[in-house]
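Notes to accompany the following structure.
Taken together, the values in this text are just the output of simple stated rules run on the coordinates, not laboratory data. In this text, all values refer to a predicted model and were calculated from it rather than measured experimentally. Backbone-built Cβ (ideal geometry, glycine too); neighbour counts: all protein chains shown.
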Amino acid sequence: MGLAPLKPYSLSLGERLLVPSICGSAQAVLGVWAEASAHSGMYALTMRLLPLLCVGWSHGLRLAVPPSVHLTSLITVITLTSVTITASQGLPSVEVLECLYAPLALLLHSLSLTWLAKVAETERQRHSSSHTSPFDLYFTLMVNQSLVLGFLCLLHPEGPRALGEGSWHSLLFMGYLLAILLLGALQHLLVDMAALTYSPLAAALLHTAHRLTRPLYSLL
């Protein structure tokens, strides 16, 4: 419609966005698993630490404008208070896989957001004349993630058998699973655009704002 003109897919840009594409796709799979199979709340509790890990990655990847000490301190207090209040209320029985998947998803998501911001920062410095817009970066990210998610679906234990036998029920299930994951990725449009336009911390706060503030209402 011409609202956001996009450049054609760039292989070099796709390579630079390969890390956040892989991390974001794997985190999407873990998130779907947590929503479907994990009911203890461990995953949601762990994801509240996303802003803190984004702060750490911002310093680790040496972003041009990392979060200030005062902002980091404020985010730390709010996050730890929210986590402490929720944990003090107790959690149902936690599965072993959830203890493994929750920290892994947190690590992957924080690295994905920070790497996105790093690539956007590099593109702004490199192409001052022919600026690569955040929409171009997001389009390239979505193309990469579509390929990665398709590959992850093929890695499913039932994937080769479904393709080999040609069962419509199995093929429809694999297509449905891929569609759900892609829709989940589209729902993160605002989060990824916040990372590309502003900072990974802004994206993390946008993603976790509701979870972080809900326990604080009990203090009022």
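Could you compute the net charge surrounding Q125? Neighbours are other residues with a C-beta less than 15 Å from the C-beta of Q125; K and R count +1, D and E count -1. Present the calculation step by step, with values, prior to reporting the outcome.
On the way: positive: R16, R62, K118, R124, R126; negative: E121, E123.
With Lys, Arg at +1 and Asp, Glu at -1, the net is +3.
Would you please give the FRET efficiency between L154 and S68, computed as 1/(1 + (r/R0)^6) with r the Cβ-Cβ distance and R0 = 35 Å, to the nearest 0.05?
Computed FRET efficiency for L154 and S68: 0.20.
Hey, what do the phi angles of the range 66-81 turn into as Karplus ³J(HN,Hα) couplings, whole Hz, using 6.51/-1.76/1.60 and θ = phi - 60°, x for Gly and Pro?
x, x, 6, 5, 5, 5, 4, 5, 5, 5, 5, 5, 4, 5, 5, 5
Report ³J(HN,Hα) in whole Hz for each residue of the range 199-215, in order, from the Karplus equation J = 6.51 cos²θ - 1.76 cosθ + 1.60 where θ = phi - 60°; Gly and Pro get x.
Ordered by residue, 3J(HN,Hα) equals 7, x, 5, 4, 5, 5, 5, 5, 6, 10, 4, 5, 5, 6, 8, 4, x Hz.
Just to check I understand the Karplus step: with θ = phi - 60° and J = 6.51 cos²θ - 1.76 cosθ + 1.60, what whole-Hz values come out for the range 86-93, glycine and proline as x?
5, 5, 5, 7, x, 10, x, 4
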